[in-house]
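Working notes, beginning with the structure itself.
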Amino acid sequence: MAVIDQLLQQKFHYKAFRPGQRATLTMLQRGQNVLAILPTGAGKTLIYQIYGELIHRPILIISPLLALMNDQVERMRYSGERRVVALNSTLDWSERQDVLTHLNRYRYLFVSPEMLANPQILKKFQKLLIGLFVIDEAHCISQWAIDFRPDYLNLAHVLKKLGQPQTLLLTATASQQVRADLQHKLRLPSLQTVVESINRPNIYLAVHHFNNEAAKQNYLLQLLQKLTPSSGIIYFSSKKMANVMATAINRATNLATAAYHADLSNPDRYKIQQQFMNNQLQVICATTAFGMGINKPDVRFVIHYHLPQDLPSYQQEIGRGGRDGLPSLALLLYTDQDANLARQLNSLDQLTSVDLKAYQTKQLTQVAPQKQQLLRFYHHHRVTMEKLRIIFAQRAQQKQQAFQALLEYINQTGCRRKKLLASCSESFDQHDDDCCDNGIETEINADLYSSTSQPATNKPIMDWREIITKLF
Amino acid sequence: MSNEITASDALLLELLSDHQPRRPRLLVNLLAGKKTVATRYWGLRYGLLGFAGLQRYWGSLKLDFSGTQGQGLVTTTSKNELKLTKQGIAQQRRLQFLEPWQGWQASFQSLDLLHFKQRLLLLIQVMSERAHGNRQYHPLLVAGSDRQFIKTYYTRLVSPLETAQQLKEDLQKMLGSLTTTAATVVAEQLVGFENNGATLTQIAFNHQWTDWEVIQADLFGIAQLAQQALQDTSLTLSPLLQGLQKPIIDPSVATTLQLYQRFHSLKAVQNKRQMRPSTITEHLLLAAIDLPLAKFPYHDFVSDLQIREIQKELGQQLDHWRYEALSDRFRSTCDFWQFRLGAIKLTKEGQKVQNYGSD
Ligand SMILES: [Zn+2]
């Protein structure tokens, strides 16, 4: 038996590799740099965990979202890995110093990109004999990706400073254009690519159109009544609406529901995650902007109440459904107002004359926060006003195209899966009745999606004395 | 739906009065815990210093100035200040159905309840899992420093099982002294063996209480537990307060005042502190606002005669006092900061101001 199979079974207690894991590990073992494009839920963490066991050297993992990073560290600790730490802004000063002076203690170091932008911290890492440099959500490096992060562009410079360690790029979504851009930006020698189909055949795709918000809400509540009992996620683009609908669902259905977004305190986030995992909660009303570290296999439906950002994001978000391989539903609810709202949000990203003036006078504090980050980056790299205009015009055009593709998916007259996969440069031609609504609005067969492995357990209200007694 | 009083509406009503117009910006800054002289001075004038810094404890609960005006509960004056209407005052009274624990403000101002609560939740979880012999569980997400604190606390325990038993008895006793609502709200938030706890939103929904009721009950409950832990050092929760006591006045402000009391000269303090004169006088104003009346040397800076003079020129309504409205003759003998100090003194004499901490 090969070493990696032994590790998989004996240390990590899995029977077999999932698609893409073995191929990626084999290439890493040959010392190659690898770009692995694997669907969400494909077990990307296991790849570098096994590699860490093989090479006995520290593994650096760059991750863009704080919440996701902390969740990953938490999961590794839970499974018994003690040599893991997250170096990010949630650590206070003394904790950070403690980690930095004992970097050798750790096998798996999760780091946010802005930490590596700090020269002192980078120096500490230079002294470390890094075994593997992992860039999670690697598509963020590309300006062609909608969630492009300027601090990710710095990673090319970081890699150079660290002496070009072996590198693994992980992503669930990368069109041909993004792939080419990654190669161009990072200039990794002999970069090998592993691509697994991101298609999730057990997820049924459907879109429903409504004339107005009220009709949409009514339909949603009626559908949820039929989906009882079942686990699901409903995505919103606003925290307020997520709160409002969570309350409405609690009142109108038997599905215990909670809102889940950036306003939650850490303990509350924890409680909701655990309740959802234990089927005490059936439905989570989440915002798409907030990372969710939950890996629940039996999520039966993912409903979008508002529009996703673009098709690759949609693919990723619906990928939280049906990880157990059983039939699941991906439903998008649409009114024309949603498109207007999305257009307005997109227009906020465009450069205004105020922004340009701020850029010229270096008074960036007046600019909206996300834009500020971009402008600071370009300023730092001495990009001229003229170039800046062109960059932003290109971005606006990209966004426009991505949005157009999303609208085409919604108004699609044929197979929706074909359209969806095309956005990630994957072709598809095997439509059948289990694939999608084929562009024709049909009633959802709720029976298919209304079972979970465990029944809902709604605890009766206990007296506070009883709660304390049961705790100990 | 629109006529429902949300928790932010209720909070705003709680912070407003029907006779004293109040500035929205100041209320926001006060809740955020801003330490500027203007924020602290108006916090004193409004009698709301006990609310200072609550924003951090409450997290997402933010002031919302739109809802209550639409419902006719609040009006805006010509100077963009807010006042309760007749219906507003009635609604405010209706919202005070909970039996409040009067000591919460003093407790909140002298102890870091946010971190106390996080430590409390994590400790109970760890001890609960230990009591049931479970080693594999996800620890609650809390601030790194609190996680570290509980780790150290736990590893120093000689007999964790005995401590768990003691903790249970302490909790029964401590919660037993709260109102049933407060005890329920605190207990239902706890996490441990086969118990994922509930969020405040969930507690409100399950009991059909309002969010505001539950938010207050949580604050009263946690504040009371902290106060008990402070007074009775034999409690298992007592060590959790380590490093969480807040000084009544900012250490830098205290240094300035001490130096003044040693040298009795602003010039000397200025030289020692290497600070601008305006910073020194700001420090003194902040000290005056936060300290009990008798503990600040008002007479060194503004005499009773001067204060009477100001009252003669500007009238009895302190909220309307403007330094610029004083006569030139008077202004040449009294700086702005002395004028402000006079107003602080009068306020403290007039209101029975609660002083937090030692008196
Ligand atoms: Zn199809």
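The values are calculated or read from the model by the stated rules, or taken from the named source; none is laboratory data. Note that the coordinates shown come from a computational prediction; the quantities given were computed from them, not determined experimentally. Counting neighbours? That spans all protein chains shown, and the Cβs are built from the backbone with ideal geometry, glycine included.
Points to keep in mind about this one:
- A:Leu264 vs. criteria within 14 Å of another protein chain (Cβ to nearest Cβ), surrounded by 16 or more Cβ atoms within 10 Å (Cβ to Cβ) and at pLDDT below 90: yes
- Within segment A:304-346, considering residues that are more than 29 Å from A:Leu170 (Cα to Cα) and of a type in the set (A, V, I, L, M, F, W, C), the one surrounded by the most Cβ atoms within 10 Å (Cβ to Cβ): A:Leu333
- Exactly one residue among A:Arg57, A:Arg96 is assigned to a loop (DSSP other than H, G, I, E, B) and either within 13 Å of chain B (Cβ to nearest Cβ) or of a type in the set (Lys, Arg) (or both), and that residue is A:Arg57.
- Residue match in segment A:304-321 (condition: outside the structural domain of A:Pro19 (by TED's automatic domain parsing), part of a strand (DSSP E or B) and closer than 26 Å to A:Ser230 by Cβ): yes
- Within segment A:162-171, being farther than 14 Å from A:Leu60 by Cα and either surrounded by fewer than 24 Cβ atoms within 10 Å (Cβ to Cβ) or touching a Phe, Trp or Tyr at 6+ places or on another chain (Cβ under 9 Å) (or both) holds for no residue.
Condition check ((1) over 24 Å from the mean Cα position of the chain (by Cα); (2) acidic (Asp, Glu); (3) at pLDDT 95 or above) across all residues:
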residue	(1), (2), (3)
B:Thr184	no, no, yes
B:Gln189	no, no, yes
B:Glu194	yes, yes, no
B:Leu235	yes, no, yes
B:Pro239	no, no, yes
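- The numbered conditions (1) surrounded by fewer than 18 Cβ atoms within 10 Å (Cβ to Cβ); (2) within 9 Å of chain A (Cβ to nearest Cβ); (3) part of a helix (DSSP H, G or I); (4) of a type outside the set (Val, Ile, Thr) are all true for B:Gln136 except (3).
- All told, B:Thr233 falls short of being in a helix (DSSP H, G or I) and either at the interface with chain A (Cβ under 8 Å from one of its Cβ atoms) or among the β-branched types (Val, Ile, Thr) (or both).
- With respect to the conditions (1) free of Cβ contacts under 8 Å to residues at least 40 places away in the same chain; (2) surrounded by 19 or more Cβ atoms within 10 Å (Cβ to Cβ); (3) under 21 Å from the mean Cα position of the chain (by Cα), B:Gln92 falls short on a single one, namely (1).
- Qualifying residue in segment A:453-472 (condition: crowded, with 16+ Cβ neighbours inside 10 Å and either at positive phi or within 16 Å of the ligand (Cβ to nearest atom) (or both)): no
- Conditions (1) within 14 Å of the ligand (Cβ to nearest atom); (2) in contact with a Phe, Trp or Tyr (Cβ under 9 Å, 6 or more places away or on another chain); (3) of a type in the set (A, V, I, L, M, F, W, C); number of the one not met by A:Ile440: (2)
- Residue within segment B:38-46 that is surrounded by fewer than 16 Cβ atoms within 10 Å (Cβ to Cβ), modelled with pLDDT of 95 or more and more than 20 Å from B:Leu95 (Cβ to Cβ) present: yes
- Residue within segment A:114-124 that is at pLDDT 85 or above, assigned to a loop (DSSP other than H, G, I, E, B) and away from chain B (no Cβ under 14 Å) present: yes
- Residue match in segment B:255-270 (condition: in a loop (DSSP other than H, G, I, E, B) and either within 28 Å of B:Gln118 (Cβ to Cβ) or among the basic types (Lys, Arg) (or both)): no
- Within segment B:172-193, one or more residues are outside any helix (DSSP H, G or I), of a type in the set (Val, Ile, Thr) and either facing chain A (nearest Cβ under 10 Å) or within 30 Å of A:Val73 (Cβ to Cβ) (or both).
- With respect to the conditions (1) farther than 24 Å from B:Arg56 by Cα; (2) more than 11 Å from every other protein chain (Cβ to nearest Cβ), A:Ser238 falls short on a single one, namely (1).
- Subset tally (residues that are within 12 Å of the ligand (Cβ to nearest atom) and surrounded by 18 or more Cβ atoms within 10 Å (Cβ to Cβ)) for segment A:406-437: 12
- Criterion violated by B:Ile124 - all others in (1) free of Cβ contacts under 8 Å to residues at least 12 places away in the same chain; (2) closer than 26 Å to A:Glu95 by Cβ satisfied: (1)
- Residue match in segment B:8-22 (condition: within 14 Å of another protein chain (Cβ to nearest Cβ), touching a residue at least 40 places away in the same chain (Cβ under 8 Å) and assigned to a helix (DSSP H, G or I)): yes
- Check on A:Asn218, of a type outside the set (Asp, Glu) and within 16 Å of the ligand (Cβ to nearest atom): no
- Annotation note: Cβ proximity below 7 Å between a residue of segment A:414-425 that is among the polar types (S, T, N, Q) and a residue that is in a helix (DSSP H, G or I) (sequence gap 6+ or interchain) occurs for A:Ser423/A:Leu311; A:Ser423/A:Pro312; A:Ser423/A:Ala405; A:Ser425/A:Gln176.
- Flag for A:Leu168 being outside any helix (DSSP H, G or I) and within 13 Å of chain B (Cβ to nearest Cβ): no
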